[in-house]
Structure formats: C-alpha cells, structure tokens
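Step one of this worksheet: look at the structure below.
The values are calculated or read from the model by the stated rules, or taken from the named source; none is laboratory data. Everything numeric in this text was worked out from a predicted model, so none of it was measured. So basically every Cβ, Gly included, is an ideal-geometry build from the backbone, and we count neighbours across all protein chains shown.
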C-alpha cells in the first residue's frame, strides 16, 4: 500500500476500519485455503505406498478410507472427495504405478478401485454416485446422494482428457477411453470407446494380434 493511501485512511477512520477487516478476512481465507489444499501426510491414509506423491494443491477428504499403492503420482489440483454417508463405509483404492492427471475429481461414497498402471489425462471425473434430483420441489443441493454403485478401472487402461466415468461402470484392462467420452456402461478389455454416451469403435483381435474396427467379424482385422 502506498504512503498516500495510508494517509487517506488515517483521515477516514470508518474506511480505515473497513480496510483492516478486509485485510484480516483475506489473510484468514489464505490460511484456510492453505490448510484444506495441503495433502494429508502419508500416515493418515489407510495405506500410502513407497515413492507415491500427491502434488499440492490438492483437496483430500477422509484419507483413512483411501489406499494408495507404490509409485503413484497424483498431479496438482486433484480432488479426492471421499464422503461417509449413513450406512456406508467408503473405500477408494489407487493401485501401484498409477498416474492421475491435473484436476482429476474422484467422488466416492461406496467403492472405487483404480487398478495398477492406470494413466489418466487432465480433468477426468470418476464417481460412484450423483446428487439425487427426484424431489421436484427441493433444490438439488439439499437432496441426498444417490445410493453408490461400485466403479472399477482395469489395470493398464487410459482415461482421456475430460472423460467421465459414471457409477456402476467397469472399465476393462488395457481399455482406452477417448477425450471427452462419458462412460455410462461397462467397457470391455482392450476396447476403444468414444463419445457421449461412450460407444466402442475398436477392439483388439487376439487371433490377428491387431486392433480392428468394432464391426469387423472375429479374425477379419483390417490395416
């Protein structure tokens, strides 16, 4: 603050008091933000493997319900939103050597398992529940969460930038979810899905040892 600004405040006590309140509020907000965006220490998690990192800033709820394997990297601005609801005990498992991109958001009130060697791009959402909306007279924010359905991301799979994995979905091993895909049903192993809702367009032909269009008959892969 410049000297001239300080002199003006001295000549205007009400404005000076307001300025002091604003500075105190700004400092309190900064302290609170730093507290909530600092990842918990490894000892607070159900398990936290060797060589794993959650890059700050990151928001983590209920780390005691989160198991993180070895060699995991969760990039900055992640939100691991694990929430306890009455009658449920949530469990989020992130397997060895996973790499989760920036701004990943995981909403877990039941069970979400991300198996080993999964790679995600930025801005990926994975959720086993959603905000209920069935009461037409109540604001959605005041309605309960829907009952959770387990989600599993198979080992070695990839989730593209901005993709969404919804409740009850299993993504098979080595599957590839394209950018922006909204996955509402299971994805078979070694299958490429695109779109909203996501649909399979390519799969790996074990007989021909190559990726083929999903409409091709078994054993009739194309270059």
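Residue under question is residue 174, and the condition is that it be crowded, with 19+ Cβ neighbours inside 10 Å, at pLDDT 95 or above and in a loop (DSSP other than H, G, I, E, B); does it hold? Spelling it out, it is not the case that residue 174 is crowded, with 19+ Cβ neighbours inside 10 Å, at pLDDT 95 or above and in a loop (DSSP other than H, G, I, E, B).
Looking only at residues in the range 76-90 that are buried (at least 18 other Cβ atoms within 10 Å of the Cβ) and assigned to a loop (DSSP other than H, G, I, E, B), the one that is nearest to the chain's Cα centre (by Cα) is 78.
Kindly indicate whether residue 58 is touching a strand residue (DSSP E or B) at 6+ places or on another chain (Cβ under 8 Å) and under 19 Å from residue 155 (Cβ atoms). For residue 58, the condition - touching a strand residue (DSSP E or B) at 6+ places or on another chain (Cβ under 8 Å) and under 19 Å from residue 155 (Cβ atoms) - is not met.
Each row is one residue, and each column tells you yes or no for (1) out of contact with any helix residue (DSSP H, G or I) (no Cβ under 8 Å at 6 or more places or on another chain); (2) part of a loop (DSSP other than H, G, I, E, B); (3) not assigned by TED's automatic domain parsing to the domain that holds residue 163.
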| position | (1), (2), (3) |
| --- | --- |
| 67 | yes, no, no |
| 92 | no, no, no |
| 106 | yes, no, no |
| 123 | yes, yes, no |
| 135 | yes, yes, no |
| 141 | yes, no, no |
| 148 | yes, yes, no |
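In this entry, residue 18 passes the filter for residues that are surrounded by fewer than 17 Cβ atoms within 10 Å (Cβ to Cβ) and free of Cβ contacts under 8 Å to residues at least 60 places away in the same chain. Does residue 212 qualify as being buried (at least 19 other Cβ atoms within 10 Å of the Cβ), free of Cβ contacts under 8 Å to residues at least 40 places away in the same chain and within 18 Å of the chain's Cα centre (by Cα)? Answer is no for this residue. Taking the listed residues 180, 162, 219, 156, the one that is at pLDDT below 95, assigned to a loop (DSSP other than H, G, I, E, B) and at positive phi is 219, with no other qualifying.
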